[in-house]
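Visitor: There's a structure below that I have some questions on.
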Amino acid sequence: MSRILIKNALVIVTMDDEEREIPGGDLLISGETIEAVGSDIEATAETVIDASG
């Protein structure tokens, strides 16, 4: 299953009960599943997208 890592998003807003905002956040997607959300995710991925700009 392919993995995509999106780095340096302007801001990621979680849709959980806390509705956290993660400025400069990263998002790791595996297939159709969000695997991780946070800052400075260290993971290998087939595709890495720099969303900073």
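Visitor: Within 10 Å of each residue's Cβ, count the other Cβ atoms and sort 2, 30 from fewest upward.
Guide: Ascending Cβ contact count within 10 Å gives the list 2, 30.
Visitor: Next question, about the same structure. Would you mind checking which residues have amide H under 5 Å from residue 49's amide H? H placed 1.01 Å from N; only 5 or more apart, or other chain.
Guide: Sorted by chain and number, the residues that satisfy this are 5, 6, 7.
Visitor: Which listed residue (22, 48, 9) has the Cα farthest towards the positive end of the charge dipole for the chain, taking +1 on Lys and Arg C-beta and -1 on Asp and Glu C-beta about the Cα centre?
Guide: Value computed over the given set: 48.
Visitor: Amide H neighbours of residue 35 under 5 Å, counting only residues 5+ apart in sequence or on other chains, H built in-plane at 1.01 Å?
Guide: 28, 29, 30
Visitor: Quantify how much of the Cα-Cα distance distribution of the chain extends past 16 Å, in percent.
Guide: Value for the chain (Cα pairs over 16 Å): 38 percent.
Visitor: Once you place label points 7 Å from the Cα toward the Cβ at residue 11 and residue 33, how far apart are they in nm?
Guide: Between residue 11 and residue 33, the simple spin-label model gives 3.0 nm.
Visitor: If you don't mind, there's one more thing I want to ask. Counting other beta carbons within 10 Å of each Cβ, put 47, 14 in order, fewest first.
Guide: Listing 47, 14 from fewest to most nearby Cβ atoms yields 47, 14.
Values quoted throughout were computed directly from the atomic coordinates according to the rules given, and no laboratory measurement underlies them. Computed from a prediction, not measured in an experiment: that's the story for all the values here. When we count neighbours, we look across all protein chains shown, and the Cβ atoms used for this are built from the backbone with ideal geometry, even at glycine.
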